[in-house]
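K.L.:
Just dropping this structure here.
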């Protein structure tokens, strides 16, 4: 059985169904076209109340602690957020603030955001990339921003967006393969 790469998706949308979720799903599907994956979704629409009331990791409930562990130990992190007032959501940042500062060192992170229009497109470069740079993560070279007009009915409708997704997913998969090649082979029992 081929190795399945563990992918954690940090979905910063406060809504149960969102364009950001559609974007993250498209990215995950595109990565899985290159390498086998096992996905762990950390959806702030569901877990937000547990995170929002916690001022430290010690104050987190069981589900929120498990979510942080999934984010910290995944082979690849897909960090996707809607854009609010020129940046990521406050709850998204609060969850990231609870991560162990050394947990993402060298780990591939695929950055994604969605917003109402093109004027928010640089949020992935000016907000998300520096945020994960602090963690010394290995951000995928191509980040993906999706404007509202590129998503129709919670699905990717733009060929240009699909091309950006394919490019970023290919880069993320290449980083996963390189990472797996550097790790020692498991010892048979």
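The values are calculated or read from the model by the stated rules, or taken from the named source; none is laboratory data. What you see is a predicted model; the values in this text were computed from it and never measured. So basically every Cβ, Gly included, is an ideal-geometry build from the backbone, and we count neighbours across all protein chains shown.
K.L.:
Being at pLDDT 95 or above, assigned to a strand (DSSP E or B) and either under 17 Å from residue 23 (Cβ atoms) or under 14 Å from the mean Cα position of the chain (by Cα) (or both) is the requirement here; does residue 113 meet it? Outline the logic, then answer.
P.N.:
Values: at pLDDT 95 or above: yes; assigned to a strand (DSSP E or B): yes; either under 17 Å from residue 23 (Cβ atoms) or under 14 Å from the mean Cα position of the chain (by Cα) (or both): yes.
It is true that residue 113 is at pLDDT 95 or above, assigned to a strand (DSSP E or B) and either under 17 Å from residue 23 (Cβ atoms) or under 14 Å from the mean Cα position of the chain (by Cα) (or both).
K.L.:
Out of the range 1-60, which residues are over 15 Å from the mean Cα position of the chain (by Cα) and closer than 30 Å to residue 177 by Cβ?
P.N.:
1, 2, 3, 4, 33, 34, 35, 36
K.L.:
Test of understanding: among 47, 16, 23, which residue is crowded, with 19+ Cβ neighbours inside 10 Å and more than 26 Å from residue 100 (Cα to Cα)? Let's see the steps before the verdict.
P.N.:
Values: 47 fails: more than 26 Å from residue 100 (Cα to Cα); 16 fails: crowded, with 19+ Cβ neighbours inside 10 Å.
From the options 47, 16, 23, the qualifying one is 23.
K.L.:
Here are the criteria: (1) in contact (Cβ under 8 Å) with a residue 24 or more places away in the chain; (2) more than 22 Å from residue 141 (Cβ to Cβ); (3) part of a loop (DSSP other than H, G, I, E, B). Tell me which single one residue 103 does not satisfy.
P.N.:
The one condition residue 103 does not meet is (2).
K.L.:
Also, quick follow-up: Filter the range 145-156 down to the residues that are surrounded by fewer than 19 Cβ atoms within 10 Å (Cβ to Cβ) and closer than 11 Å to residue 26 by Cα and list them by number.
P.N.:
154, 155
K.L.:
Just to check your reading of the model, which residue among 70, 54 is in contact (Cβ under 8 Å) with a residue 12 or more places away in the chain, surrounded by fewer than 24 Cβ atoms within 10 Å (Cβ to Cβ) and not in a helix (DSSP H, G or I)?
P.N.:
Only one candidate qualifies: 54.
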